[in-house]
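Worksheet: the structure to be examined is printed underneath.
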Amino acid sequence: MTLKEPVFIAIISLVLLAAGCSMVTKPSKPQQKNTPHAMPQTKQVDRGFDPCLLNSKLAVCGNNENSNRK
Amino acid sequence: MKILTENKVIADAIKTWLGILAIIFAGAYSLLEYIEHKQTVKVERSLDYVSHLRSGNAAEAKLSLNQLLADKQQALGNILNKQYSSESELNTSYNAFILQITSTPQIQRQLEVAFSFFEEVAICVEKELCDEEVIKSFFTHEAIALFNSYYPYVCSLRQQWKNKTVYLKLERFYLNQTGDICA
């Protein structure tokens, strides 16, 4: 047995493994299931109202780090 | 003959090590694929919640509650834009107004549906079943608007049920509130 055979076999195995892994199809981005083609048209009333935008002195606005004011 | 013998030993060693490396590589690749699959499942589950908010019971509840505020826009504006001598006076007026418009069972039912939905989503993220980034991207704005508008109702529930944890998960997750807003 010479040095050539096992090295050759090992290289072929790695190449086949890499080829097999690359053939596994997977989505590059997550697929959206059941996404409506026509999204409901958003109106102002759909977006909600944040009272902190009108008056930030409300109790709920004080410690709110995620307030819509930002 | 000696050269052939030496090569055989080296060949066996290389063969063995290449085999080990191949197995390690395959194992690592499988692990990475599994982790990515888990993440994909989390994102898909999060997007299911987004679809539900756009077209389910939560959507109807949210729309009703937003419509209610839109209908009372003038009165709300008067309360929030008025000059008060103290913050407690502002809060008292706002609390009374919100409690008055949420006194009907129908509106209370809508509030329960909407708040429960957002809290359920927060729990999903907490249990690492949903993707936090996707959830916060889609829901934070609406959850904050809803909670900031109707927080007096939440406070009244906490007082009525003597339970300070009512919708607390929602408050902590979306608003990062640390203090007690009902104090």
Do any of A:Lys57/B:Lys82; B:Lys38/B:Lys127; A:Lys57/B:Lys62; B:Lys82/B:Lys162; B:Lys42/B:Lys127 go past 21 Å between their Cα atoms, and which? A:Lys57/B:Lys62; B:Lys82/B:Lys162
Under the 7 Å Cα-to-Cβ spin-label approximation, B:Arg45 and B:Thr178 lie apart by a distance in nanometres of 3.0
Could you state the number of Å between the C-alpha centres of region B:125-176 and region B:36-65? 16
For chain B, the longest principal axis of the Cα atoms and the Cα long axis of helix B:2-55 enclose an angle in degrees, to the nearest 10, of 10
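Could you calculate the contour length gain from B:Asn81 to B:Glu36, that is, 0.36 nm times the residue separation minus the distance between their Cα atoms, to one decimal place in nm? Write out the running numbers ahead of the final one.
Numbers: separation 45, 0.36 × 45 = 16.20 nm, distance 5.01 nm.
Net length gain for the segment: 11.2 nm.
I need the fraction of alpha carbon pairs in region B:41-175 separated by more than 26 Å, rounded to a whole percent. Write out the running numbers ahead of the final one.
Values: 2447 of 9045 pairs.
In whole percent, the share of Cα-Cα pairs in region B:41-175 beyond 26 Å is 27.
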Neighbourhood net charge (14 Å Cβ-Cβ; Lys/Arg +1, Asp/Glu -1) for B:Leu90: 0
Once the dipole of region B:30-131 is set up from charges on Cβ (+1 Lys and Arg, -1 Asp and Glu), the residue from the list B:Val113, B:Ala58, B:Ala96 lying farthest towards its positive end is B:Ala96
For B:Ala61, the net charge from surrounding residues (Cβ-Cβ under 12 Å; K, R +1; D, E -1) works out to -1
When the chain is fully extended, how far beyond the present Cα-Cα distance does B:Gln160 get from B:Leu21, taking 0.36 nm per residue of separation? 43.5 nm
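Every number here is computed from the coordinates shown, using simple stated rules; none is lab data. Computed from a prediction, not measured in an experiment: that's the story for all the values here. Here Cβ is always computed from backbone atoms with ideal geometry, including for glycine, and neighbour counts include all displayed protein chains.
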